[in-house]
1. Once you order the gyration tensor axes a ≥ b ≥ c over the Cα atoms, which shape class does region 68-163 get: rounded for a/c under 1.5, otherwise prolate or oblate by comparing a/b with b/c?
2. Of Ile158, Gly119, Ile174, which is farthest towards the positive pole of the chain's charge dipole, taken about the Cα centre with +1 and -1 on the beta-carbons of Lys, Arg and Asp, Glu respectively?
3. Please work out the FRET efficiency for the pair Ser74 and Leu38, using the Cβ-Cβ distance as r and a Förster radius of 22 Å; give the result to the nearest 0.05.
4. Probe of 1.4 angstrom, ligands and nucleic acids ignored: what's the accessible area per residue over region 1-159, in square angstrom?
5. Add +1 for every Lys or Arg and -1 for every Asp or Glu among the other residues with Cβ under 13 Å from the Cβ of Trp147, and state the total.
6. Sort 65-74, 86-95, 119-128 for me by packing, meaning the mean count of neighbouring Cβ atoms within 10 Å per residue, highest on top.
7. Based on Cβ point charges of +1 for Lys and Arg and -1 for Asp and Glu, what charge dipole magnitude is obtained for the chain about its Cα centre, in debye rounded to the nearest 20?
8. Relative contact order for the chain: what is it in percent, counting Cα pairs under 8 Å that are at least 6 residues apart?
Amino acid sequence: MTATRIEPAPEISSGWQAGRGPLAILPLALFRDSRPWLAILIGWMLTIAGSTMLSYAIAWLVPDNAGPDLGDASAPVKLFLIAGFSPVVETLLMAAILAILLRVLAGWQAAVASAAIWGVLHSLAAPLWGAVIWWPFLIFSTLYVTWRPRGFWTAVGIVIAVHVLQNLFPALLIVLGH
């Protein structure tokens, strides 16, 4: 008879040495840098569920709220811009912002500040858009802080994957005219 070996759960990433603060309420898997596929899956589930709930709540509270104006581009161009180009560019900019914030703040403070900055920036395009966008950016920022000790491109790649998945469903709805 062979013995069953139970392996201990992986520790959290060294990006969280100063603690997780209020982000400790998020699933522990977001703070572990051992399974990229799990980080992407949980990150996407959290971003899409949270932003969908926030979007519905805002639509119920402010039914005449105008979303962002995406111009007169063709459907394929809009799909590419929303689900392809924007996640890459925004993630790279977010990484630069977090690099600065992490010099002076703990990881959880930098993630919260980054989410707030992105919420404000998106509100410049449509006033209440930032109220929806801050949540995904909190998750993106959390994932970046978690995976950054494993390498810049690893962290950016994981966040881009979650960001693309997050933007894909709304992009398809916009392209299909819903």
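The values are calculated or read from the model by the stated rules, or taken from the named source; none is laboratory data. All of these numbers come straight from a predicted model, not from anything done at the bench. Quick reminder, even Gly has a Cβ in these numbers, built from the backbone with ideal geometry, and neighbours come from all protein chains shown. With ligands, DNA and RNA removed, areas are computed over all heavy atoms of the protein, side chains included. Shrake-Rupley method; radii C 1.70, N 1.55, O 1.52, S 1.80 Å.
1. Here region 68-163 falls in the oblate category.
2. Among Ile158, Gly119, Ile174, the one farthest towards the positive end of the dipole of the chain is Ile158.
3. 0.05
4. Heavy-atom SASA per residue in region 1-159 reads 57 Å².
5. That works out to +3.
6. The most tightly packed comes first, giving 86-95, 119-128, 65-74.
7. 520
8. It rounds to 34 percent for the chain.
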